[in-house]
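The values are calculated or read from the model by the stated rules, or taken from the named source; none is laboratory data. Small disclaimer: the values here were computed from a predicted structure and weren't measured. Cβ: placed from backbone, ideal geometry, glycine included. Neighbour counts: every protein chain shown. The area values use the complete protein model at the heavy-atom level, side chains included, leaving out ligands, DNA and RNA. Shrake-Rupley method; radii C 1.70, N 1.55, O 1.52, S 1.80 Å.
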Protein chains: 2
Amino acid sequence: MPRWKPDAVERLQAAALELFDEQGFERTTVAEIARRAELTQRTFFNHFADKREVLFGMDAELRQELVREITAADALPPLDAVVCAMRVVADKMLESRRAVVTRRYAVIAANPELQERELGKNAALTEDIAAALHARGCDPTGAFLAAGAAMLAQQAAMREWTRPGETRTLRDLLTEAVRSLRTTVGGEPAEPSPPDSGAGPS
Amino acid sequence: MPRWKPDAVERLQAAALELFDEQGFERTTVAEIARRAELTQRTFFNHFADKREVLFGMDAELRQELVREITAADALPPLDAVVCAMRVVADKMLESRRAVVTRRYAVIAANPELQERELGKNAALTEDIAAALHARGCDPTGAFLAAGAAMLAQQAAMREWTRPGETRTLRDLLTEAVRSLRTTVGGEPAEPSPPDSGAGPS
DNA sequence: CAAGTGATTTCAGTTTGTGCAATCACCGTA
DNA sequence: TACGGTGATTGCACAAACTGAAATCACTTG
């Protein structure tokens, strides 16, 4: 007979998601999560750096996979390479888990602290993408802008994808978002050098 | 004789910036900040929601000013309106305080928790910008993408502007970043359609 | 001059997060 | 079989972040 029930990490993650969903993030204490997972508070902090981190488990492998796909898409220009990689990851790792991802997304959307953590994860991912592009010959600023633009489209797509009535695939929503972004950013008759302080009304 | 020394908030902000700069964010305790400002820990938490917030004071007025400028630049297309407003705000509120802003930026860059908070502030600002654009007739997704793109350029510009040797103005760096973003996002050989503004890059 | 206001303080308490030592089933090895 | 090492878990003690409630008291207002 094993000394401990297996899958402590998964049990903690599941308990946390349940409790956050039931009563909110702030009203849930770490001791409570641990109790429901039949573990102790101390064990929780052995597995997760802090209370929020319990919701961000699959981040590492997702990031790893994405970077791999980017370096694989060597032929395409930067933004296309990233978007292409994102489509692959969307199909391979997100599309099948739509229910869980949506639930997690709702929990995060309901709490500012969790939103901040997600923004941090996204920023780290952006840096990784930029690094992968830089390794391919992009200048640092260009790499950062391309990575950021791709993440922007990804965010817009996720917003739609996690909507209650939505049925389109994340892949399609991402493609649509990229097209929209290209329209918004690209097709503007802007004059690059207004004399000073703009031709503003008022 | 007044009962308390005036400007408690400013004193706390100054003390916090000093201490974070001297010994880092984590190694600085709230009690320590309060002591240097000749106040108590409880007073600190009366003025700031948490330890990080003490560094993000001028956010509110900056946001307010930016939104006003955006609604003022009614004639321009979305992205240009936002960038134009950002240039005004850069000139009016940032350029003169380069030293302080750079110092604050360095402190934030040195600590993940502070970076998360800044990302949160930036996200909130993005939402405000998107709301202002939406009020002008943009569709929600388009507004979000335009706001995000502008913030992306702004971030890239800030990175350069706060570099040790850098002498160019934030306004110029922002303009340059926007140009770079338009090149990165717009000029892709997948669908080459630059019908106007004949200066095709690459 | 009495009453009210509001920034500050004190105090007691909860929660997060950490360091350290102890437990004890499991595993490989003699 | 015996035996020592490994590693996930736990208990305990503790710093630090935050919170609610009540008290203080210069200043303001009527």
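Percent of accessible area on chain A owned by carbon and sulfur, 1.4 Å probe?
That share works out to 53 percent.
May I ask you to find the residues of the range A:100-131 that are shielded by at least 10 Å² of accessible area once the whole protein assembly is considered instead of their isolated chain (probe 1.4 Å)?
Residues meeting the cut-off: A:E116, A:R117, A:L119, A:G120, A:A123, A:E127.
Within 13 Å, Cβ to Cβ, of B:A8, how many net charges do the neighbouring residues add up to if Lys/Arg are +1 and Asp/Glu are -1?
That sum, taken over residues with Cβ under 13 Å, equals +2.
Only protein chains counted, 1.4 angstrom probe. Which residues of the range B:139-159 are at least 30 Å² less accessible in the assembly than when their chain is isolated?
Buried by the other chains: B:T141, B:F144, B:L145, B:L152, B:A156, B:R159.
Any idea which of B:T40, B:F25, B:A8 is furthest toward the positive side of the dipole for the range B:8-54, if Lys and Arg beta-carbons carry +1 and Asp and Glu beta-carbons -1?
The one lying farthest along the dipole's positive direction is B:T40.
What size of dipole, in debye to the nearest 20, comes out for the protein assembly as shown about its Cα centre when the only charges are +1 on Lys and Arg C-beta atoms and -1 on Asp and Glu C-beta atoms?
On the way: 52 positive and 62 negative charges, 214 e Å.
Taking the Cα centre of the protein assembly as shown as origin, the dipole is about 1020 debye.
Run the dipole for the range B:8-54 about the Cα centre, Lys and Arg Cβ at +1, Asp and Glu Cβ at -1, nothing else charged, and hand back the magnitude in debye, nearest 20.
180
Need one number: buried accessible surface between chains B and A, 1.4 Å probe, both sides summed, DNA, RNA and ligands left out, in Å² to 100.
3100
Let me have the 222 nm mean residue ellipticity of chain B computed from DSSP H runs of 4+ only, each contributing -39500 (n - 2.57), with the sum over all residues rounded to the nearest 500.
-21000 deg cm²/dmol
Can you list, shortest first and in nm, the gaps between the label point of A:Y105 and those of its counterparts in the other copies, using a point 7 Å from Cα in the C-beta direction?
The projected label point of A:Y105 is separated from its counterparts by 3.4 nm.
Which of rounded, prolate, oblate describes the protein assembly as shown, given a ≥ b ≥ c as roots of the alpha-carbon gyration tensor eigenvalues and a/c under 1.5 marking rounded, otherwise prolate only if a/b is larger than b/c?
The shape class here is oblate.
Which distances, shortest first and in nm, link A:N46 to the matching position in the other copies, using label points set 7 Å out along Cα to C-beta?
Spacings between copies for this position, smallest first, are 4.4 nm.
Defining the label point at 7 Å along Cα→Cβ, can you sort the distances from A:A31 to the same site in each other copy, shortest first, in nm?
List, nearest first: 2.2 nm.
Can you work out the accessible area per residue across the protein assembly as shown, with the rest of the protein chains kept in place, probe 1.4 Å, in square angstrom?
52
Relative contact order for chain A using alpha-carbon pairs under 8 Å, separation at least 6, rounded to a whole percent? It would help to have the intermediate numbers written out before the result.
Details: 155 pairs, mean separation 35.6, N = 202.
For chain A, the relative contact order is 18 percent.
Identify all lysines with a Cα-Cα distance to B:K51 below 26 Å; exclude those on the same chain that are fewer than 8 residues away in sequence.
Leaving aside lysines fewer than 8 places away in the same chain, those within reach of B:K51 are A:K51, A:K121, B:K5, B:K121.
Count neighbours as other Cβ atoms within 10 Å of each site's Cβ, and list the trypsin sites (Lys or Arg not before Pro) in the range B:1-76 that are DSSP loop with at most 11 such neighbours.
Passing sites in the range B:1-76 are B:R3, B:R27.
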